[in-house]
There are 2 protein chains.
Amino acid sequence: MQPLSSREKILEVAERRFAQRGYAGVGLRELASAAGLGKSSLFHHFASKAALYLAVLDRVLERIETRIGPALAVRGTAGERLDRALDALIDALAEHPTVARLLLRALFEDDDLPETETPEARAVDSRLRALIGELGRFIDAGVANGEFRKVSTGDALQTLIGATVYHFASGEVGEVVTGGPLFTREAVARRKAEVKGFVHHGLQSPQPQERPKESSQ
Amino acid sequence: MQPLSSREKILEVAERRFAQRGYAGVGLRELASAAGLGKSSLFHHFASKAALYLAVLDRVLERIETRIGPALAVRGTAGERLDRALDALIDALAEHPTVARLLLRALFEDDDLPETETPEARAVDSRLRALIGELGRFIDAGVANGEFRKVSTGDALQTLIGATVYHFASGEVGEVVTGGPLFTREAVARRKAEVKGFVHHGLQSPQPQERPKESSQ
DNA sequence: GTCTATATCACGATAGAC
DNA sequence: GTCTATCGTGATATAGAC
């Protein structure tokens with residue numbers, strides 16, 4: 001693998017910084033020098049700070065798409081496909097702590113961006129809508145064929161996003177809640193199992209007072 | 001009710017601004033004039049921007065505590081108490097769109113604050129830990145008496161936080177996902193029902209291909 | 001308790017040499 | 001494609017009059 005181009009190096013550094021401190025919290029001077037460049041050189045590669053931020057977001061969404069698309073395309077019951085999609089999504093989020101944080105910050109940092117009518121912004125927006133639409137149609141299909149309960153598709157999707165994206169973005173608070181790190185192999189594997197278990201069976205056991213000592217972990 | 005004191009007015013305005021644009025995105029000048037004051041007068045009421053931010057957070061956590069505490073203290077099965085706690089939490093989050101956003105931003109904006117060793121910061125931290133501990137012990141109890149599945153307490157708690165806090169913080173993205181507003185009375189009521197339904201029954205129906213047309217909405 | 005004025009600094013962005 | 005220098009602006013915070 002050849003060494004990173006300046007553009008790629010900038011994107012890499014920017015992803016970490018934006019995930020950690022948010023759009024407004026990152027200064028281009030600091031970012032440039034962390035990428036081994038002078039501040040002005042950034043403007044040769046990206047038209048503005050907002051354009052750089054959107055390029056970072058786009059790259060992350062593209063990575064997630066690449067993982068989830070094939071998982072949803074697999075044949076099988078809706079339950080099986082859901083398991084695969086959750087595994088793929090969690091793998092994408094667990095790959096690096098920046099991913100979930102960027103996604104979660106992007107929820108409300110739209111307000112922060114100076115212009116929202118640029119072509120880059122519309123590209124990110126349509127990528128996100130495509131991903132949401134894909135997952136939504138998939139849940140709909142499961143409800144339609146009777147395999148899933150008659151849930152509100154949108155609310156179910158929100159719950160799944162919360163269970164995955166929020167979790168891996170939750171940082172120190174999440175470590176307090178779970179009592180340990182979030183990104184070790186064991187923690188990620190446990191999260192996958194717990195989310196799938198929660199989705200499949202629900203929190204409340206079907207037989208309240210019966211054989212309380214058997215279920216798998 | 002007497003008119004708001006300057007301090008209260010500042011806290012009110014600051015809560016909206018910090019929720020909307022984040023810690024780094026808010027300028028004290030703009031904030032002060034929105035509160036009807038000169039910029040320098042803020043420093044008479046709060047020692048620094050960070051202290052103001054922490055005061056805002058503390059006030060929000062206090063409001064949530066006030067709602068959830070009584071709900072958890074009620075007698076009943078773990079399932080009933082869970083329903084009450086979820087209702088109380090969702091009511092607190094739905095009261096004003098700032099609440100969930102502030103909480104979610106607080107997850108990662110700790111990195112943004114200049115000092116984390118001030119007494120105010122420790123007050124917020126201990127308030128948060130108390131709330132988490134309370135909810136955790138409550139789930140533990142439900143698992144211990146066999147009413148809940150043998151889930152990982154921390155992961156279940158993370159899922160519940162995601163289903164509630166994330167949802168009401170999700171803004172425009174959440175509106176795209178659910179296909180409508182998040183804070184209308186109907187949307188909040190539907191969210192309560194969906195979250196409780198999801199928690200109780202799980203997404204996958206117990207009898208995959210049977211009576212697919214009956215369950216409640 | 002609020003104000004004006006100011007100190008100090010960092011920000012995003014541009015100009016233009018090399 | 002990277003650099004130095006600089007513009008204009010707005011940031012947090014302080015000093016001190018009223």
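The numbers here are math on the coordinates, done by the rules we state, and not lab data. All values reported here derive from a predicted model rather than from experimental measurement. Cβ placement follows ideal geometry from the backbone for every residue including glycine, while neighbour counts extend to all protein chains displayed.
Key figures
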item	result
Tensor-based shape of the range A:42-103 (alpha-carbon gyration tensor, a/c under 1.5 rounded, otherwise prolate or oblate)	prolate
Cα centroid of the range A:85-124 to Cα centroid of the range B:31-88, whole Å	28
Principal semi-axes in Å for the protein assembly as shown [√(5λ), Cα gyration tensor, largest first]	35, 29, 20
About the Cα centre, charge dipole magnitude for the range A:88-202 (Lys/Arg +1, Asp/Glu -1 at Cβ), debye	640
Theoretical FRET efficiency, 1/(1+(r/R0)^6), r = Cβ-Cβ of B:ASP91 and B:HIS200, R0 22 Å, to 0.05	0.70
Rounded to whole Hz, the Karplus (6.51, -1.76, 1.60) HN-Hα couplings of the range B:177-187, x for glycine and proline	5, 8, x, x, x, 9, 10, 5, 4, 5, 5
Shortest-first distances to equivalent copies, position B:VAL74, nm, label 7 Å out along Cβ	4.2
Cα→Cβ-extended label distance, 7 Å offset, between A:ARG129 and A:GLU115, nm	2.0
DSSP loop GluC sites (Glu not before Pro) with at most 16 other Cβ within 10 Å excluded, longest remaining stretch of chain B	B:1-114
Cut-off of 10 Å, at most 14 other beta carbons, DSSP loop: longest stretch of chain A lacking such trypsin sites (Lys or Arg not before Pro)	A:76-212
Table column - 3J(HN,Hα) (Hz), the range B:35-48, Karplus curve with 6.51, -1.76, 1.60, x for Gly and Pro	8, x, 10, x, 4, 5, 5, 4, 6, 6, 9, 9, 5, 7
Two-decimal log10 I(q)/I(0) for the range A:40-163, as the Debye equation yields it once each C-alpha is a single scatterer, q = 0.10, 0.13, 0.15, 0.17 Å⁻¹	-0.37, -0.60, -0.76, -0.92
Placed amide H near B:THR116: partners under 5 Å, 5+ positions off or other chain	none
Unit charges on C-beta of K, R, D, E only; dipole of the protein assembly as shown, Debye	140
Cα gyration tensor shape of the range B:124-207, rounded if a/c is under 1.5, else prolate or oblate by comparing a/b with b/c	oblate
MRE, 222 nm, helices only [DSSP H, n ≥ 4, -39500 (n - 2.57), over the protein assembly as shown, to nearest 500]	-22000 deg cm²/dmol
Label distances, nm, B:GLU175 versus same residue in remaining copies, Cβ-directed 7 Å point	3.7
Top positive-direction residue, dipole computed over the range A:50-203 with Cβ charges, set A:PHE168, A:LEU54, A:LEU86	A:LEU86
Label-point gap, in nm, between B:ALA189 and B:ASP140 - each point 7 angstrom along Cα→Cβ	3.8
Potential extension, A:SER33-A:GLU62 segment - 0.36 nm per residue separation minus Cα distance	7.8 nm
Chain B, Cα convex hull volume normalised per residue, Å³	160
Computed magnitude of the charge dipole of chain A (debye, nearest 20; Cβ of K, R +1, Cβ of D, E -1)	360
For A:SER33, inter-copy label distances in nm, listed shortest first [label point 7 Å out on the Cα-Cβ vector]	3.2
Dipole of the range A:50-203, positive direction: furthest Cα of A:GLY179, A:PRO70, A:ALA130, with charges on the beta-carbon	A:PRO70
